[in-house]
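Engineer: Encoded as structure tokens, here's the structure I'll be asking about.
The values are calculated or read from the model by the stated rules, or taken from the named source; none is laboratory data. All of these numbers come straight from a predicted model, not from anything done at the bench. Virtual Cβ from ideal backbone geometry, glycine too; neighbours counted across all protein chains shown. Note: accessible area is taken over every heavy atom of the protein model, side chains too, but ligands, DNA and RNA are not part of it. Shrake-Rupley method; radii C 1.70, N 1.55, O 1.52, S 1.80 Å.
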Amino acid sequence: MSQHPMNQIGRTIVGPGAWKGPEIDWTREGLHVLSAEEVREIDAALAHLLSLGELDFPEITPQTFPLDRVAALMRSLPDRLRNGCGFLMLRGLPRERYSDDDMARVYFGLSSYVGRPMTQSYLGDLMGHVVDVSDLEPKSRGYRKGGGQLMHTDSCDIIGLMCLRTAISGGESRISSALAVHNWMLEHRPDLLKVLTEGLYLKRTDEDGRRATRTYSEHKVPFFYGEDGEVTCYLPTGYARLAEKSGQRPFTPEESEALYVVRKAAASPEHTLDMGFKDGDIQFLNNRIMVHGRTDYEDHKELPKRRHLLRMWLRIDSWPKLPQRQVFHTDEDMRLWSRGRRRLMELPSTHDRDLLNPDVEKSMVE
């Protein structure tokens, strides 16, 4: 979602969002360290929220989580991420002061000033848990598995990630500019850029598809789309790979090569920036111009000690609507998914308990 008036597919994209990892000083361009006063404000907002009783996540709003200076910071994010470098790391939350559940409440409260939370999967979750549970949940999506993650974009306007716990080693956030990837494809493989502009078929996981309107995209979904002088990038490489592997939507040799090359370009050291998460960090990304993944990591065996991030998908009503051809998860899909949601299911304590005790009556939280 580039803002330069001349930006369009097939021309070199310029602007602050078209950066290369080795050339950007992210601590200057995309880091905000909370001041002591800002932390006190967040503390007071959490205390107010807790005084209202055990509110469910949809009830955590600017009214129930009242902020002042921090509210202005959070409300500035959509414009900052749209017209700047496309990312911001919020650092300085005193992680040791909060329980996992209160960290989740703070994160949701802060995000309520940025945009509207979106449902993320068939579970109905408004806050996803990025943690390796592949031993407990065999049909997990990629963000619920361990190891490195290939570069991709999600299905929202802004994606937020809060770090509850880091890994023993590794597991760094790896990001790159999809606009810079477009420019690389234009220079080196304009033939494959044309393929990606025409689009690829996508496939959801079977569990997500069964509880939504469909499993496969109705048409080819463009990875790069230009409209009204803006370039919107959507690189759902995992979904494209699922479609390709399924054999139900055969890819041409050119489409397979285009998917491989764009994934490789997005992960190239020429483009990537590794941002080391610290406990309590919150990273916000403009999902329309950013690609993200993670490095491989070594994790703990015990679930409560494993690397654990909280993820939010946010919709920004002040932004132009996402081009219809690039919408894979529709409002109707999310409405169908939301049927599976249970009260307070996003709390880390509830999440872990349900995984470790799947036979326990879930009505305890309903």
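Engineer: Enumerate the pairs (first residue in the range 325-352 and in contact (Cβ under 8 Å) with a residue 60 or more places away in the chain and within 11 Å of R211 (Cα to Cα); second residue anywhere and aromatic (F, W, Y) and open to solvent by 40 Å² or more (accessible area, probe 1.4 Å)) with beta-carbon separation below 7 Å, excluding pairs fewer than 6 apart on the same chain, so at least 6 apart or on different chains.
Structural biologist: Close Cβ pairs satisfying both conditions: W337/Y122; G340/Y122.
Engineer: Take residues that are farther than 28 Å from F224 by Cα and open to solvent by 40 Å² or more (accessible area, probe 1.4 Å) and tell me which of the helices (runs of 4 or more DSSP H) falling wholly in the range 1-114 contain 2 or more. Steps first, please.
Structural biologist: Working: elements: 26-29, 36-51, 69-75, 77-83, 100-111.
Qualifying helices (runs of 4 or more DSSP H): 26-29, 36-51, 69-75.
Engineer: With touching a helix residue (DSSP H, G or I) at 6+ places or on another chain (Cβ under 7 Å) and either β-branched (V, I, T) or closer than 25 Å to S155 by Cα (or both) as the only criterion, which of A45, A18 stands out?
Structural biologist: A18
Engineer: Just to be sure I understand the filter: pairs with C-beta atoms under 7 Å, separated by 6 or more residues or on different chains, first member in the range 159-179 and open to solvent by less than 10 Å² (accessible area, probe 1.4 Å) and small (G, A, S), second member assigned to a loop (DSSP other than H, G, I, E, B) and modelled with pLDDT under 85. Which pairs pass?
Structural biologist: Hits for this filter: G171/T295.
Engineer: Filter the range 207-223 down to the residues that are in contact (Cβ under 8 Å) with a residue 24 or more places away in the chain and of a type in the set (S, T, Y), then identify the one that is surrounded by the fewest Cβ atoms within 10 Å (Cβ to Cβ).
Structural biologist: Ranking the candidates gives T213 first.
Residues checked against (1) in contact with a strand residue (DSSP E or B) (Cβ under 9 Å, 6 or more places away or on another chain); (2) farther than 17 Å from L179 by Cβ; (3) of a type in the set (A, V, I, L, M):
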site	(1), (2), (3)
K245	yes, yes, no
R249	yes, yes, no
L273	yes, no, yes
K278	yes, yes, no
N286	yes, no, no
Y297	yes, yes, no
K301	no, yes, no
H308	yes, yes, no
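Listed here are the residues, each with its yes/no results for (1) at pLDDT below 95; (2) more than 28 Å from F108 (Cα to Cα); (3) polar (S, T, N, Q).
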position: S134; (1), (2), (3): yes, no, yes
position: R174; (1), (2), (3): yes, no, no
position: G199; (1), (2), (3): no, yes, no
position: T215; (1), (2), (3): no, yes, yes
position: E244; (1), (2), (3): no, yes, no
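Engineer: Same structure again: Given the range 121-239, what helices (runs of 4 or more DSSP H) lie entirely inside it while holding 3 or more residues that are among the hydrophobic types (A, V, I, L, M, F, W, C)?
Structural biologist: Hits in the range 121-239: 178-188, 190-198.
Engineer: Ok, one more. In the range 305-355, what count of residues is obtained for those that are part of a loop (DSSP other than H, G, I, E, B), of a type in the set (D, E) and open to solvent by less than 60 Å² (accessible area, probe 1.4 Å)? Let's see the steps before the verdict.
Structural biologist: Within the range 305-355, the first condition is being part of a loop (DSSP other than H, G, I, E, B), and the residues that meet it are 306-307, 316-323, 327-330, 339-347.
Checking the rest, the ones that are also of a type in the set (D, E) come to 317, 346.
Cutting the leftovers down to open to solvent by less than 60 Å² (accessible area, probe 1.4 Å) gives us 346.
Looking only at that region, the number is 1.
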